[in-house]
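These notes are about the structure you will find just below.
The values are calculated or read from the model by the stated rules, or taken from the named source; none is laboratory data. All values reported here derive from a predicted model rather than from experimental measurement. Accessible surface areas use protein heavy atoms only, side chains included; no ligands, DNA or RNA. Shrake-Rupley method; radii C 1.70, N 1.55, O 1.52, S 1.80 Å.
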Amino acid sequence: MLLGNGDGTFAQQTVYANSGWPYSIAVADFGQSGYPDLVTASYSTGTAQVFLNHGDGTFPASQTYSAPDSAGYSYYFVAVGDFNGDGRPDFAAMSNASVIDVFLSQPTEQVTVSGIAVAGAGAHNVVASYGGDTNFSGSTSSPQSLTAAPVNTTITLADQPSASFSYGSTSSVLATLAAYQGYPAPTAPSPTRLTAALRRTLR
């Protein structure tokens, strides 16, 4: 790779290892980064190799694709184009097996999820899953360990019955325990047990 200096001269070449002996090369923005990437066809190994542009004229990352037809076949020519009309460049490679293999672009996106709280105690493994759609296939994340924390709760007290009562009579107090909004209901004493615990007699 020789980068132009803008005056008709070129900087010192940079050599990138290929998976085999490249026979042809094509250019397209496979990474959708706005910078041109490269794809080569190698007849010695029967592979195509995509080199992604880092954005500064270097190509530190590459991905090798093997001929799916049969072992022993070799790629000679490679061409690029949007073959399925999704707006992303694909590439096709022709081999000596008298076939053309089409490789469709499969973009990947990374999603970060935050603000997840696990109720209870101890550590729990949490995974995120995506069912997929017309543009992206489904995927499941690797497990992430989250330490559970107690759930914030509120207690509401109400006299039972709510009407006025005379001196010396017995009144029950109903305590309602509710989880903080957004959390699942915690494991706690039932309202009847709380009622019994708070039942009192005024004298």
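A compact table of results
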quantity	calculated
Rounded to the nearest 10 Å², the accessible area of Val15 at probe 1.4 Å	120
Two-decimal log10 I(q)/I(0) for region 8-129, as the Debye equation yields it once each C-alpha is a single scatterer, q = 0.12 Å⁻¹	-0.56
Residue-level accessible surface for Val126, protein heavy atoms, 1.4 Å, Å²	40
Pairs of alpha carbons in region 68-129 whose separation is greater than 14 Å (percent)	70
Length added when fully stretched, Ser145-Glu109, from 0.36 nm per residue minus Cα-Cα	10.7 nm
